[in-house]
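Novice: The structure that follows is given in the form of structure tokens.
The values are calculated or read from the model by the stated rules, or taken from the named source; none is laboratory data. It should be emphasised that the depicted structure is a prediction, and the values quoted were computed from it without experimental measurement. Cβ sites come from the backbone with ideal geometry, for glycine too, and all protein chains shown count toward neighbours. Accessible surface areas use protein heavy atoms only, side chains included; no ligands, DNA or RNA. Shrake-Rupley method; radii C 1.70, N 1.55, O 1.52, S 1.80 Å.
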Amino acid sequence: MPKLEIIAEIPFKEVITSLELTDLTGDGNDNLVLTTMNGELRIFEFESGKKVRANEIMKTGDLPPVAAMALGDVMGNGVKDFVLGGLDNMLRVVSYLDDELGVRATTPLGSLPTAVCVTNVVSDDSAEVIVSTADNALRCYGWFDVALDKLAHKVVDRPVFSMKPLKSRGLSFSRFVFGDDAGYLYVYQYADDRLHEIHRSKVKGEISLVATGAVTGGYSDEVLTISDDKQLTLHGIDQGEMKQLANIRAPSPITSVRIGHLLDKAGADGQIVSCQGNSNITVLSYESRMLTPEASIRPVKKAAEALVAIGDVDGDGSVEIVQSVGRTLYLMSMVPD
């Protein structure tokens, strides 16, 4: 059996509020991106040696605490930007230009942002921004010269707290998915200056988190929902319809989830990384219409909130896991059997 191994434990002074891994500098290594309770956006790179270290390469401060964050090439220059929804009811685009991080655009929302999704919905060079707010609204923005311009606005039935792109092979644009506390999973698409609902299906329990990614190797990415805090359900698109493929129940509430390629398994593109609030991480594979645990680890004996991100931090082609628990980061790798 494969196992998860902790490579490094890195303490921080601040509480970490969001976590991502992405290649910002184009060197093939994914950088660590995090926000803190102090209103900071900080970027790190990992340095290998006798002891793995996280070296800060840039940061920007004086930001309000972040309620939601997403990454994508909003400006269309080939570099990922950071889209931050703040507790001050503002949406900010923070960009990495001339070796510096800076706020390039600020957009008032009039209500608290609850989720942000950055993806290409109109088949052009730049990604669009979809943001949900506490007043049950979805807003879609595009980048024009020096600012975000609103492309579409739609009021939905319930507040949205988790939203992700849904990519399909052969399509030059993405749809996006979200769930609500009434237990519905939605697929939306932008067209003709409007946001259109193209699918909805019922899931048992309140949906708190969604994740998307290639699991089965099919035409479209799969969708994972977390409902009633503990229920993981994998959904797939078959002949235009969203169908439930498998489900499994976690022993305690899940606070973060990702999909990525951690193991080479026949018939599978990727695996699910489930992170519970008590810091327990489980890697699951899909086969024979079942979600099967492959490896698990629990770095902390007592915890209430944990976040997870996945990426290739050293450029060796294998995916690592980064977890934040309070003020501590854990870097982990999958050790094959």
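Novice: Calculate how large, on average over all directions, the projected area of the Cα convex hull of region 1-132 is; give the answer in nm² to one decimal.
Specialist: Averaged projected hull area, Cα only: 10.3 nm².
Novice: At a threshold of 8 angstrom on Cα-Cα distance, excluding pairs fewer than six apart, so keeping six or more, what relative contact order does region 80-146 reach in percent?
Specialist: 23 percent
Novice: If you don't mind, there's one more thing I want to ask. Of the heavy-atom accessible surface of the chain (probe 1.4 angstrom), what whole percent is carbon and sulfur?
Specialist: That fraction is 46 percent.
Novice: Mind running the shape call on region 122-270? Use the C-alpha gyration tensor, a ≥ b ≥ c as the square roots of the eigenvalues: rounded below 1.5 for a/c, prolate if a/b tops b/c, oblate otherwise.
Specialist: Oblate, because a/c is 1.5 or more while a/b does not exceed b/c.
Novice: Ile207: net charge of surrounding residues, Cβ under 11 Å, Lys/Arg +1, Asp/Glu -1, itself excluded?
Specialist: Residues close to Ile207 contribute a combined charge of -2.
Novice: Not counting ligands, DNA or RNA, and with a 1.4 Å probe, what is His153's accessible surface area in Å² rounded to the nearest 10?
Specialist: 90 Å²
Novice: Between Ala134, Ala115, Ala211, where does the largest GNM mean-square fluctuation fall for the chain, given springs only between Cα atoms within less than 10 Å?
Specialist: Its mean-square fluctuation being the largest, the pick is Ala134.
Novice: For region 156-177 and region 99-137, what is the separation of their Cα centres, given in Å?
Specialist: Going from one Cα centre to the other spans 14 Å.
Novice: Here is a follow-up. Just the number please: accessible area per residue for region 26-166, 1.4 Å probe, all protein chains included, in Å².
Specialist: In whole numbers, region 26-166 has 43 Å² accessible per residue.
Novice: Out of region 24-107, which trypsin sites (Lys or Arg not before Pro) are coil in DSSP terms and have no more than 15 other C-beta atoms within 10 Å?
Specialist: Those that pass, being in a loop and sparsely packed, are Lys50, Lys51.
Novice: Work through the residues other than Met332 whose Cβ is under 12 Å from its Cβ and net out their charges, Lys, Arg +1 and Asp, Glu -1.
Specialist: Computed value for this residue: -1.
Novice: From the cross-link list Lys154/Lys243; Lys204/Lys302; Lys59/Lys80; Lys51/Lys301; Lys164/Lys230; Lys167/Lys230, which pairs have alpha carbons spaced over 21 Å apart?
Specialist: Violating the 21 Å limit, Cα to Cα: Lys154/Lys243; Lys204/Lys302; Lys51/Lys301; Lys167/Lys230.
Novice: Counting only heavy atoms of the protein chains, get the accessible area per residue of region 200-316 (1.4 Å probe) and round it to a whole Å² value.
Specialist: On a per-residue basis, region 200-316 sits at 44 Å².
Novice: Roughly what percent of Cα-Cα pairs across region 241-306 reach past 13 Å?
Specialist: Pairs farther apart than 13 Å: 65 percent.
Novice: How much net charge surrounds Val94 when only other residues with a Cβ under 15 Å from its Cβ are counted (Lys, Arg +1; Asp, Glu -1)?
Specialist: -4
Novice: Give me the distance in nm between label points sitting 7 Å out from Cα along the Cα-to-Cβ direction at Ala304 and Ser288, one decimal.
Specialist: Going by the 7 Å Cα→Cβ label model, 4.1 nm.
Novice: What percent do you get for the relative contact order of the chain when only Cα pairs under 8 Å and 6+ apart count?
Specialist: Here the relative contact order equals 15 percent.
Novice: Tell me the relative contact order for region 1-106 as a rounded percent, counting alpha carbon contacts under 8 Å between residues six or more apart.
Specialist: About 16 percent, as a whole number.
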